[in-house]
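Okay, structure first, notes after.
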Amino acid sequence: MQAAVDSGIGVDVSSVYELRDALRAGVDPARVVATGPAKTHAFHAELLACGALISVDSIGELAELEACVAPSTPPPRVRILLRYRPASNRASRFGMDEAELLQCLKRLATRRTAFTFEGFHCHLGGYAWETRVQAVHELAAAVGAARELDLRPRMLDIGGGLPVRYVEGEAYDAFLPAQTPDDYRTGRVPDSYYPYGGRTDAAAWLRQLLAAPCVGGRTVAHYLNAEQLVLALEPGRSLVDQAAVTAFRVIRVKALADGRHVVFVEGSSFSACETWFGSEFLVDPVLVPADPERGADGPRFGAYIAGHSCLDDDVVTNRILDFDRRPEPGDLLVYANTAGYQMDLLENEFHRHPMPRRIVVRTNPRGAMEFSPD
Ligand SMILES: Cc1ncc(COP(=O)(O)O)c(C=O)c1O
């Protein structure tokens with residue numbers, strides 16, 4: 001939050017707690033946008049009080065907001081984006097289809113003293129810029145419909161989903177098809193993964209999006225300029241690309257009845273993992289031996305990683321990792337680039353274990369490293 005405020009960008013919040021954090025960090029409330037279909041009454045009330053932009057997810061939410069603002073409420077008015085559900089995500093529970101958008105627009109056109117309509121929002125799953133171009137194309141009709149009602153959209157907010165490249169594309173392409181069921185504790189290769197070795201980083205993604213042909217043969221950039229629309233983005237993972245490492249201390253290694261091995265670590269699947277939605281964090285950890293003199297002269301060692309969970313299926317990796325030596329108690333397993341969804345989001349108290357410690361490392365003006373608790 002503080003980094004966002006210091007760099008003068010806005011913040012998107014999806015709970016009253018995130019809103020309070022943002023305001024405490026000193027964000028200009030005018031640069032806050034609230035998303036999500038499950039906003040509580042308390043959340044709405046605090047958004048209205050500070051004048052944040054609200055991405056309305058449904059006709060029902062708009063009606064609730066109308067009920068919140070008394071007819072006599074003086075300006076400032078409630079600032080609104082309408083959340084669209086693009087054709088590529090029709091089964092999603094987020095946003096509204098074209099007919100519902102139109103219904104909201106008509107409603108807003110009759111409530112000009114209470115609401116300021118500022119534009120449209122959508123957040124797509126997946127990481128392809130092509131689906132965002134398609135969404136902008138679809139939204140052009142809604143922009144036209146709004147203007148016909150003399151409403152003045154000024155923004156298209158296309159959410160996040162800008163990709164992070166964790167590994168080289170060639171290495172990733174070679175890795176994926178070479179996997180077999182034997183590489184997994186479960187005997188099953190997961191159906192899908194985050195695109196760990198995609199060819200596009202966030203900057204190239206944005207360039208490709210802006211240069212893509214869209215409405216009436218014009219590029220997205222030309223269309224937005226001609227319509228005087230601001231393109232808003234809500235990057236999450238890509239904002240923290242190359243930030244943070246997660247370290248697990250090895251407790252012990254155990255041989256299992258089927259001849260396999262498991263490495264037990266201090267931590268849980270919540271600390272760095274995607275196994276909880278049937279996928280895997282594919283970046284291998286680096287084994288840092290407690291005794292730096294201990295070389296890698298023994299045989300290679302395969303094992304999956306588990307933490308302190310009581311559920312057999314709740315592990316850190318289902319994937320059998322290929323270590324260049326047998327991990328020993330006190331060694332560290334260090335995962336790189338874990339700030340995006342591998343640390344704060346998944347951390348959780350489980351079996352009353354304390355939350356993992358977070359340490360911030362800074363370089364001071366003399367060039368020395370300083371460590372401080374977060
Ligand atoms: C509304 C919204 N905006 C932005 C993001 C951030 O997405 P990403 O981390 O893929 O950039 C999310 C994540 O799910 C989201 O739901």
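Summary of values
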{"read-out": "Fraction of beta bridges assigned by DSSP in region 80-161 that are antiparallel (%, nearest 5)", "value": "0"}
{"read-out": "Structure-based [θ]222 nm, the chain - -39500 (n - 2.57) summed over DSSP H runs of at least 4, per residue, nearest 500", "value": "-7000 deg cm²/dmol"}
{"read-out": "Ratio Rg/Rh [Cα only; Rh per Kirkwood] for region 65-169", "value": "1.06"}
{"read-out": "Neighbour net charge for Thr35 - beta-carbon separation under 12 angstrom, K R +1, D E -1", "value": "-4"}
{"read-out": "Residues whose placed amide H lies under 5 Å from that of Ala296, excluding near-sequence neighbours", "value": "none"}
{"read-out": "0 to 90° range, to nearest 10: angle between helix 98-110 axis and the chain longest Cα axis", "value": "50"}
{"read-out": "Charge context of Arg188, other residues only, Cβ under 13 angstrom, K/R +1, D/E -1", "value": "-3"}
{"read-out": "Angle in degrees between helix 41-50 and the longest Cα principal axis of the chain, rounded to the nearest 10", "value": "70"}
{"read-out": "Viscosity 0.692 mPa s, temperature 37 °C, Stokes-Einstein D of region 1-117 from Kirkwood C-alpha radius, µm²/s", "value": "222"}
{"read-out": "Euclidean distance between Cα centres, region 270-310 to region 230-255, Å", "value": "15"}
{"read-out": "Positive-end residue, region 245-373 charge dipole about Cα centroid, Cβ charges, pick of Pro292, Pro365, Phe277", "value": "Pro365"}
{"read-out": "Projected label distance in nm at Ser372 and Gln228, using a 7 Å step from Cα toward the beta-carbon", "value": "4.5"}
{"read-out": "Residues whose placed amide H lies under 5 Å from that of Phe115, excluding near-sequence neighbours", "value": "Val78"}
{"read-out": "Gyration tensor (alpha-carbon) shape descriptor, region 245-373, a/c threshold 1.5", "value": "oblate"}
{"read-out": "Length-normalised contact order of the chain in % [C-alpha pairs under 8 Å, at least 6 apart]", "value": "11"}
{"read-out": "Stokes-Einstein diffusion coefficient of the chain, Kirkwood radius over Cα pairs, 20 °C, 1.002 mPa s, in µm²/s", "value": "91"}
{"read-out": "Calculated FRET efficiency for the pair Val334/Ala25, C-beta based, R₀ 30 Å, to 0.05", "value": "0.50"}
{"read-out": "Around Lys106: net Lys/Arg minus Asp/Glu count, Cβ-Cβ under 14 Å", "value": "-1"}
{"read-out": "Nearest-ten-degree value, helix 202-211 long axis tilted from longest Cα axis of the chain", "value": "30"}
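Every number here is computed from the coordinates shown, using simple stated rules; none is lab data. Please read these numbers as outputs of a predicted model, since none were measured by experiment. When we count neighbours, we look across all protein chains shown, and the Cβ atoms used for this are built from the backbone with ideal geometry, even at glycine.
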